[in-house]
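Below you'll find the structure, written out as structure tokens, and then a few comments.
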Amino acid sequence: KIMDSLGDELRDTLYKALISVAFDTMMRCSELVRVEVEHITFDPDGTGSIYIGWSKTDQKGEGNDRYISAETVSLINEWCRKAHIESGLLFRSVAAGGKVLGSMHKDRIARIFKNLAKRNGYSFKDISAHSTRVGAAQELLMDGANLPGMMLAGGWKSAIMPARYARRLEVKKGAMAEMSKRKGRSSSNS
């Protein structure tokens, strides 16, 4: 709903690319604001990857790559084209009047997510800088991803956080939920 509410203005183009990258890669805000154009690899099939050289769970700087969909690649390319970005930081603040600034502080991402939620009728109290990370983990679980796959996709070293993000959905995959579906008890019409 939020992505559909965004138009073609420069800020909206930034927001689309930011949300899509944040969702696909499950990056933390501190990682998102450090992405440089040079960290992106574009593949022949239209998808790509983003190299993260440092993160909260990678203090040694070993780095890892995160997948980005063809849709995200397209949104990145549109943002770079409109903002005239050829190298350096990918995500930059946009000032009034459409001037592209040099960098974006990690705290700005939470404000963007909260403002977009509020504009679209969601409670901004339920939105945080990690909302795309949590949402992606939940979507992966609903799509049948296993815990090791989720950990790899989100760059987690331990299962604690992805399990926490997904725990509310796990109840829908539990034994009682499965039995209720088989017995026809899961529909409100029964």
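Taken across the range 89-98, residues that are closer than 27 Å to D126 by Cβ and not in a loop (DSSP other than H, G, I, E, B) do occur, with at least one present.
With respect to D45, is the statement that it is open to solvent by 20 Å² or more (accessible area, probe 1.4 Å), over 20 Å from A129 (Cα atoms) and modelled with pLDDT under 95 true?
Details: open to solvent by 20 Å² or more (accessible area, probe 1.4 Å): yes; over 20 Å from A129 (Cα atoms): yes; modelled with pLDDT under 95: no.
Taking the combined requirement at face value, the residue does not satisfy it.
Taking the conditions (1) part of a helix (DSSP H, G or I); (2) in contact (Cβ under 8 Å) with a residue 24 or more places away in the chain; (3) under 28 Å from E38 (Cα atoms); (4) open to solvent by 20 Å² or more (accessible area, probe 1.4 Å) in turn, S103 satisfies each one other than (1).
Of all residues in the range 63-80, those that are assigned to a helix (DSSP H, G or I) have Cβ atoms under 6 Å from Cβ atoms of residues that are of a type in the set (V, I, T), 6 or more apart or on another chain, in A70/T47; T72/V21; E78/T13; W79/T13.
Can we say S93 is of a type in the set (S, T, N, Q), over 22 Å from Q138 (Cβ atoms) and in contact with a strand residue (DSSP E or B) (Cβ under 7 Å, 6 or more places away or on another chain)?
Values: of a type in the set (S, T, N, Q): yes; over 22 Å from Q138 (Cβ atoms): yes; in contact with a strand residue (DSSP E or B) (Cβ under 7 Å, 6 or more places away or on another chain): no.
Answer is no for this residue.
For the range 12-21, the condition of being among the polar types (S, T, N, Q), part of a strand (DSSP E or B) and under 23 Å from G154 (Cβ atoms) holds for none of the residues.
For the range 9-33, give me each residue that is more than 17 Å from G135 (Cα to Cα) and in contact with a strand residue (DSSP E or B) (Cβ under 8 Å, 6 or more places away or on another chain).
Once the filter is applied, which keeps residues that are more than 17 Å from G135 (Cα to Cα) and in contact with a strand residue (DSSP E or B) (Cβ under 8 Å, 6 or more places away or on another chain), the range 9-33 yields L10, R11, L14, S30, E31, V33.
When T13 is tested against (1) touching a Phe, Trp or Tyr at 6+ places or on another chain (Cβ under 9 Å); (2) loosely packed, with under 14 Cβ neighbours inside 10 Å; (3) under 21 Å from R108 (Cα atoms), only condition (2) is not met.
The criterion of at least 2 residues that are exposed (fewer than 12 other Cβ atoms within 10 Å of the Cβ) and modelled with pLDDT of 85 or more is met, among helices (runs of 4 or more DSSP H) falling completely within the range 115-190, by 175-182.
The values are calculated or read from the model by the stated rules, or taken from the named source; none is laboratory data. A quick note: this is a predicted structure, and the numbers were derived from the prediction, not measured. Cβ atoms come from the backbone with ideal geometry, glycine included; neighbour counts cover every protein chain shown. Side chains are part of the model used for accessible areas, which takes the heavy atoms of the whole protein and leaves out ligands, DNA and RNA. Shrake-Rupley method; radii C 1.70, N 1.55, O 1.52, S 1.80 Å.
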